[in-house]
Every structure is written in C-alpha cells, then in structure tokens.
1. With θ set to phi - 60° and the Karplus curve 6.51 cos²θ - 1.76 cosθ + 1.60, what are the ³J(HN,Hα) couplings of segment 62-76 in order, to the nearest whole Hz, using x for Gly and Pro?
2. Taking H as built 1.01 Å from N, whose amide H comes closer than 5 Å to the amide H of residue 420, not counting residues under 5 places away?
3. If you work out Rg and Dmax of the Cα atoms in Å from the coordinates, which of (i) 21.6, 69; (ii) 20.7, 72; (iii) 23.8, 75 do you get?
4. Tally the DSSP beta bridges in the chain and give the antiparallel ones as a percent, rounded to 5.
5. Given the Cα-Cα distance of residue 176 and residue 377 and 0.36 nm per residue of separation, how much length would full extension add, in nm?
6. Counting other Cβ atoms within 10 Å, which trypsin sites (Lys or Arg not before Pro) in segment 117-208 have at most 16 and lie in a DSSP loop?
7. Rolling a 1.4 angstrom probe over the protein heavy atoms, how many square angstrom per residue are accessible across segment 35-123?
8. Report, in degrees rounded to the nearest 10, the 0 to 90 angle that the Cα long axis of helix 332-342 makes with the longest principal axis of the chain.
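The values are calculated or read from the model by the stated rules, or taken from the named source; none is laboratory data. None of these values were measured; they are calculated from a predicted model. Cβ atoms come from the backbone with ideal geometry, glycine included; neighbour counts cover every protein chain shown. Ligands, DNA and RNA are stripped out before the accessible areas are found, and what is left, the full protein with its side chains, is counted by its heavy atoms. Shrake-Rupley method; radii C 1.70, N 1.55, O 1.52, S 1.80 Å.
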Amino acid sequence: MKRGKYKSSILAFSIVSGLLLAGCNGDDEKPSASTDSNSNSDEPVTITFWDENASPERTPLWEEIIKQFEDANPNIDVEYVVIPNKSAKSKYDAAIAANDTPDVGSVQTTWLPEFSIREALMPLDEYFDGSELKDKINASAIEFNKKITQDGKLYGIPYAQNLDTIWIRTDWFEEAGVKEPETFDEFFTAIEKMTDKDNGRYGYTIRGGAGGSFQLQRLMFAYSGLDYFGEDGKVNINDPKHVEFVEKYLSYYEEFTPKSDITNGYKEMIAGFDTGVVAMVHHNVGSYGEHKKSLEEGTFKTIPLPKTEDGKYVAEGGNAVNIAVFNSTEHPDAAWKFAEFVNSAEAQSLWNESTGQIPTNTDVLDDEWVQNAQHIKVAFEVYENPETKLYEPPFYLPDYRSILDNLVDPGIQQVMSGQKSAKDFLDEWATAIEESKEKYDQTFNK
C-alpha cells in the first residue's frame, strides 16, 4: 500500500511535539560505543531481556519477536524475563542497587531520567546515529527522551507511543440514546446516565489502585488546559481548577462506579469494561488488544479525552515505552542489535497492531492496519490538531515517579475513602514536586 495520509499525521505530531522542545540543546559530546569481547566471533552469546509489562496478551508478542530475532541472529540467544507491570519499577530498582541488571529492558519514559542519573543505562547516541533507524524513528520522540535526561543523551529508543483516551461501549450508548462525550460536562453527564445499578452496570470506572496517579494527572490537565508549571515557576498541581475537578471526579466513586475501584489497577479496570460492568474506561489506545479479544466488533470504540472549556485537546508529552541497554551488559553490540530489531518496521508493526499502540517507525505507516484502525485515527486526530496542547511533566526529577507511586496513588485512595480532602491531597502532591525540583536545581543548575 502506498503511504497514506497518516504519514502527514505523524509529521504533524512531530511539529506539535517540537513546540515542547524548542530551545532544547543536548550535550554535543557523544559516548563511544562499547565493543563485545566476542563481537567478531561466531561463538554464541546470551543476553537477558526484561519485559516491564508482561501479560497473557503481550508475552506471546515478545516471544514471537525474540524468535524472529534469534532466527536472523543465530549466534545470539535472548533470555526473556516476564515482569508484571505492578512490580516492574521495584524490580529494576533492586537490580540497579545490586548491579544485577539485564542486558536490555523495556523501560517507561518516566524512568529514563532517574536510571540515567544512577548510571544504570548505556548512552545509545553513537549506536543510533550509525543505524538505519536514525531517519525512521519519530524525531520528536527521540529528542524528548534526550531532553528529559540531565546530560542530554539518548538512553531509550521508543518502540511505541501512546495516547490516553476514553473507551466506550457504543452499543450501550446507542441503546440509551446518550451522546458520546466531547466536553467534561458531557463526560460527567454520560457517567450518570449510563449507570444502571439494578442491572449491575456503572457509567465509569476510576483507577484507584496502582497507576491511578497517571490517569488522574492527565485528566486534570485535560480539564484545566494549564502548563505543569506557571510563569512564577510554581507547580500547577494544586491550582483551583484541579481542586474543582478532583473533588467532582472522585465524588463519583461508589455512586456511579464500582466499589472495587478504590483498589483496582489496570487489569481490574480493563476487566470491568471487557466483561460488561462499566460503560466507559479511561486508559489509552494500547488496551485495544484486550478489548478486541473480549468484545464484538462494533460494540466499542475509543474517543479523545474531553476538551477544555475553550475547545482544545490536551495531551501529556513523552507518553511512550522504550528499549534501553543497561551499562552492566557484557555484550553491548548484541544488546543493541536486539534493541535495533525491536524497532524495525516488521517488529514494530507486529507489536503495535496487536496492542493498539502507535508505531514510531515511519515505515509502519504504509501498513493497511494503520490506515484502518479506529483508535489510531483518534490518536492522529488529537496529535495532528494544530490547537492540541502538549504539557510536559518534570520527568527529569529523579524521584518524579516515586512521588506518583508512593504519595499520589495512596492519596487518591484517601480522597476516595473520605480520609482526606481533594485540596489537602493536591497541596501535598504540589509540595512534593516543588521540593524535588528545588533539590534538583540546587544539584544540577548551579
């Protein structure tokens, strides 16, 4: 198939994302690529790969990609280690502390700054610059990954991008005569109207368990349209608009959402949607793989997060997952070969078509599935819109992710259970981010 209109969508996304990157200058000095002790030998090499988001749906994809890689590279064996998403960060943290990391790992964007400061990751600039991937992987995603690290180097190659959306049961909406929400007022109205407790149906599900901080943050900024930091340098987490939103949003718990929401993580939340308990779920285009296995075609779809009051889409920059090579590897060339293969058009197409995520290799845009996938069209609808706003969280703070995991996730549960007010919760969150930023600035921006 000839490359269609979605090539221009990806390029438009690059332009929009580029607004975030204006004026960003990385370190011009490039590290020297390490060389395997047996890189010129036919002796077999074994490298270990950690999957940070293993699941029954995704594990077979990695197994197929690894098989294809090993067939193409008979002297390299890949030992595949599955890690549930819930425990992945702690597993990596322990491995880094013990200097017992894998050769290669799937790493979330929010981890790159911390892992690079801890000197756990190998800079990939020289490998990438010498690869055919250099002119194929979304340039704005590469530059974003450089920007968020303290030294401006490239520590992760994004093999999939994402966009938070709302998945809805279209058949239920049609039966009830309820409008698909485009604004936040319509969103809350739909939650109420689609709730039918007598028939065991709820309008929505709130992620109160692990990972709820990410979704709450993305909804807050979609609602307010604010930047992460104001002109005065203060974080906007506890802005009155966010207090207003969180108060209303979390007040829907139990009345219009399942009681189990307070502890539900990703799997439980998605299961509620796929088994017919809830009419809407906020996740991202990457849960398409689960939905298509459980629901009939034509009974579900995804829609963008609601627009701001002035009619703009808001999305979080850097929403991607990456392949990284760890400094402890004894086989950096073999590790890079695997990272490079994962980002090939063939591997990316297999992965992203099955999971529903957005490919970063522009060659994949030729694929028919990209042209026809409803959820990918929605992603392009948001990213190619010239008025779409991308806000940028401070991923560069070494403890940014720890704040979300250890303060914000439990804080959401405290608000849901009535133990804490929305304002106090957001004040604590804002204070933690500002204190972290102050320490970072004192250390790195003297």
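1. Ordered by residue, 3J(HN,Hα) equals 5, 4, 5, 4, 5, 4, 4, 5, 5, 5, 7, 10, x, 8, 10 Hz.
2. 415
3. Matching the structure shown: (i).
4. 60 percent
5. 69.8 nm
6. Loop-located and lightly packed - 118, 179.
7. Accessible area per residue: 45 Å².
8. The helix 332-342 is inclined about 40 degrees to the chain.
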